[in-house]
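Let me begin by presenting the structure, written as structure tokens, before commenting on it.
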Amino acid sequence: MPEMPEVETTRRDLEGRVVGRTIADVRVAPGAPQPQAPLTPEQLREAVAGRRIEDLDRRGKYLIMALSGGLFLILHRRMTGNLILREAGVPPERFLRGVLVLDDGTELRWEDQRKFGRWVLTDDLAGALRGLGPEPLAETWTSADLAATLAGRTAPIKAALLDQRRVAGLGNIYVDEALHAARIHPERPAGSLSEDEVRRLHAAIREVLEKAIRLQGSSARHHVGGLGQRGAMQEQWRVYDRTGEACYSCGTPIEKTRVAGRGTHLCPRCQPYATAGER
DNA sequence: CGTTACCTGAAA
DNA sequence: TTTCAGGTAACG
């Protein structure tokens, strides 16, 4: 579900409304599994109740709540998780799993149909995020950095881009979109891209992610922002979920295959496997 | 490295 | 009934 733009949307929606508030209570929906992996709900309540939310940050697809006393509550929405700020009394969401009740009575609600989402409470933020690759929208992330992390790799470029250690925040939708925008076949060995192809890919990744953030993410199915609103990026997809429809660039029907274990969409004409001159 | 498991529901 | 779903950890 959420990739980096969806998580960033949530962060921007919530930042000004929850930073400075104190967590008054933690509730777990009756009968629902605990939203956080290593802690019981009682231990979580014990640990965070009374703490002030000092900051709301993001790294890759992780949402990071900095709490007073040097604790960090790190949330990963995985496939179907949403974090939504609601007034008390608003009827519960169908897949509500847990609630952080704030000191003004508003509720930070965690809904998660498939229950893959994870909460981690730690005082070692760097340790918890160790191994995450660079932020693709950081000014310091260059085309040369992308080339370096792809160099020598034989895995499909799509698999390399989904690997959070190489670049943080890309997922299935935006990898397909970026590869299409860069006119690169998803099964090309990562290390085989030319300098120009890497430059195009670097630019395409940024353009796709920036546009997705502007449009508050893709609401394919589950994603909603921090105020419960849907995103609009799904209306701008050029290949994702467009199997059989005409490519906007050349009219060729979009194909769907399987790469790196994931449904993969591409235009076979705009993204030929063989580069010019080969074969 | 690719595949499977983790869950639940919607759609084919 | 079967397949698929925005992610990732564990497995072989």
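All of the numbers you see were taken from the coordinates with simple rules; none came from a lab. Since we're looking at a predicted model, the values are computed, not measured. Cβ sites come from the backbone with ideal geometry, for glycine too, and all protein chains shown count toward neighbours.
So if we plug the beta-carbon distance of A:Arg114 and A:Ala151 into 1/(1 + (r/R0)^6) with R0 = 25 Å, what FRET efficiency do we get, rounded to 0.05?
My answer for the efficiency is 0.10.
Express the relative contact order of chain A as a whole percentage, based on alpha carbon pairs under 8 Å and six or more residues apart in sequence.
Value for chain A: 19 percent.
Compute the orientation-averaged projected area for chain A from the convex hull of its Cα atoms and round it to one decimal in nm².
Averaged projected area of chain A's Cα convex hull equals 15.3 nm².
Considering the options A:Leu102, A:Thr122, A:Leu67, tell which one lies farthest towards the positive end of the dipole of the range A:64-128, charges being +1 on Lys and Arg and -1 on Asp and Glu at the Cβ, about the Cα centre.
It is A:Thr122, whose Cα lies furthest towards the positive end.
A:Gln43 to A:Arg130: extension gain in nm, 0.36 nm per residue of separation minus the Cα-Cα distance?
28.9 nm
If you build a Gaussian network model of chain A, linking Cα atoms that sit under 10 Å apart, which residue out of A:Pro134, A:Pro92, A:Pro189 swings the most?
Looking only at A:Pro134, A:Pro92, A:Pro189, the largest GNM fluctuation is found for A:Pro92.
What FRET efficiency comes out for the pair A:Ser143/A:Glu245, r = Cβ-Cβ distance, R0 = 45 Å, nearest 0.05?
So the FRET efficiency works out to roughly 0.90.
Identify, among A:Gln271, A:Pro189, A:Gly244, the residue whose Cα sits farthest towards the positive end of the charge dipole of the range A:143-278, taking +1 on the Cβ of Lys and Arg and -1 on the Cβ of Asp and Glu, with the dipole about the Cα centre.
With unit charges placed on the Cβ atoms, the residue in question is A:Gly244.
Hey, got the dipole for the range A:137-184? About the Cα centre, +1 on K and R Cβ, -1 on D and E Cβ, debye to the nearest 20?
Dipole about the Cα centre, nearest 20: 180 debye.
Output the direction-averaged projected area (hull surface divided by four) of the convex hull of the alpha-carbon atoms of the range A:143-278, in nm².
About 8.4 nm², averaged over all directions.
For the range A:4-128, what Kirkwood radius comes out of the mean inverse Cα-Cα distance, in Å?
14.3 Å
Please give, to one decimal in nm, the separation of the simple spin-label points placed at A:Thr22 and A:Ala220, each 7 Å out from Cα toward the Cβ.
The modelled label-to-label distance comes out at 4.2 nm.
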